[in-house]
Amino acid sequence: MERIVTYSPAYTLVPTYECFNRCTYCNFRRNPGEDEWMSLEAARQILIGLQGKDVIEILILSGEVHPKSVRRQDWFERIYQLGELALEMGFLPHTNVGPLSYEEMAQLKQVNVSMGLMVEQVTPDLLKTVHAHAPSKLPEVRLEQLEFAGRLRIPFTTGILLGLGETAADWAESLRAIAQSQQTHGHIQEVILQPHQPGESQLEVRSPCHGQTLLQAVQIAKEILPSDVSIQIPPNLIQSDRALLDCIAAGAEDLGGIGPIDEVNPDYEHRDRELMAELLKAQGWTLRQRLPIYQKYDSWIPQKLQLAVQESRVTSK
């Protein structure tokens with residue numbers, strides 16, 4: 001039986017890096033008011049340059065504008081318009097922009113084949129440390145997003161962060177909460193296990209999360225998560241080939257979106273796809289492209305998006 005490891009050929013559009021949270025480990029954010037938002041014309045020019053190349057997914061990834069900000073509606077409209085534009089130009093959008101209201105999420109479903117948000121961790125202990133100045137990182141807020149997505153039948157990606165001061169018991173608690181949401185709604189495509197790696201822009205320097213720690217997390221996730229949820233690991237944050245292969249052998253089966261730059265971890269370049277394919281092939285695995293929506297969820301999305309997905313399934317084979 002052929003053993004498959006998947007990834008999504010992706011490009012990330014960032015409408016803004018500004019964010020009202022101040023997570024101490026972040027290498028992404030800028031202060032509110034200190035970042036020029038991406039214009040639709042700038043996005044169009046980027047997408048024109050990507051047409052005909054090896055890109056399927058457009059990840060719309062943004063810093064968070066406060067829900068009560070006078071600019072919230074403008075920010076939301078820009079995100080919606082980027083999804084529309086990506087679809088218009090032949091790509092499949094996946095949006096991850098922080099917590100949304102139920103109504104905002106329902107609107108974005110019209111222009112996204114899938115969406116996502118990291119749970120990060122459900123332990124409240126991190127609210128005293130790395131999330132002390134991050135209001136949207138309340139565990140109940142993150143879990144509410146899973147509930148909204150499930151009720152709206154949105155194919156969803158979530159995950160946990162590793163190496164920020166939490167424990168293995170905390171990982172298990174967070175993964176059980178995700179598993180419960182999946183058992184209720186059946187909407188979670190994949191769960192990311194994201195190891196912390198230090199970067200140049202962090203407010204607080206923390207130790208890197210090593211391969212052995214990630215391997216333990218993969219083993220726990222394999223035990224807790226339903227079998228229909230893929231376990232995803234980011235290969236650029238795993239320094240050792242052996243650690244990467246060990247995690248895959250333990251049950252990680254997806255490598256996420258791979259593109260020119262990891263916007264969240266810009267200090268860590270993505271691995272070369274061809275070299276990674278050779279590394280996996282030597283161990284009996286085949287690296288294969290996938291779409292940002294798994295096929296079993298095709299019927300969940302609006303008809304217009306279904307047609308775009310069907311066309312991508314044909315052309316990406």
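Things to note:
- If you take all other residues with their beta carbon under 13 Å from the beta carbon of His187, and give Lys and Arg +1 and Asp and Glu -1, the sum is +1.
- Cross-link pairs exceeding 32 Å between alpha carbons, from the set Lys137/Lys296; Lys68/Lys296; Lys137/Lys304; Lys53/Lys109: Lys68/Lys296; Lys137/Lys304.
- Projecting label points 7 angstrom from Cα along Cα→Cβ for Asp125 and Gln202 puts them 1.8 nm apart.
- Radius of gyration, Dmax [segment 96-249; alpha carbons; angstrom]: 15.4, 45
- Net charge of Cβ neighbours under 14 Å - reference Leu126; Lys, Arg +1; Asp, Glu -1: -2
- MRE, 222 nm, helices only [DSSP H, n ≥ 4, -39500 (n - 2.57), over the chain, to nearest 500]: -11000 deg cm²/dmol
- Inter-site label distance for Arg242 and Ala132 at 7 Å from Cα along Cβ, in nm: 3.8 nm
- Nearest-20 debye value, segment 3-309 charge dipole, Cβ charges on Lys, Arg, Asp, Glu: 480 debye
- Within a straight-line Cα-Cα reach of under 22 Å, Lys281 can be paired with the following lysines, leaving aside sequence neighbours fewer than 8 residues apart in one chain: Lys317.
- Placing a label point 7 Å from the Cα of Leu275 along the Cα-to-Cβ direction, the residues of segment 222-239 whose backbone N falls under 16 Å from that point are 235-239.
- Taking only the C-alpha atoms of segment 3-309, the Rg (one decimal) and the largest Cα-Cα distance, Dmax (whole number), read 18.1, 54 Å.
- Near Thr95: Cβ cut-off under 14 Å, other residues only, Lys/Arg at +1 and Asp/Glu at -1. The net charge is -4.
- Added length on full extension, which subtracts the Cα-Cα distance from 0.36 nm per residue, Gln180 to Arg30: 50.5 nm
Read the figures in this text as sums done on the coordinates, not as results from a lab. Just so it is clear, the structure is predicted and the values come from calculations on it, not from any experiment. Counting neighbours? That spans all protein chains shown, and the Cβs are built from the backbone with ideal geometry, glycine included.
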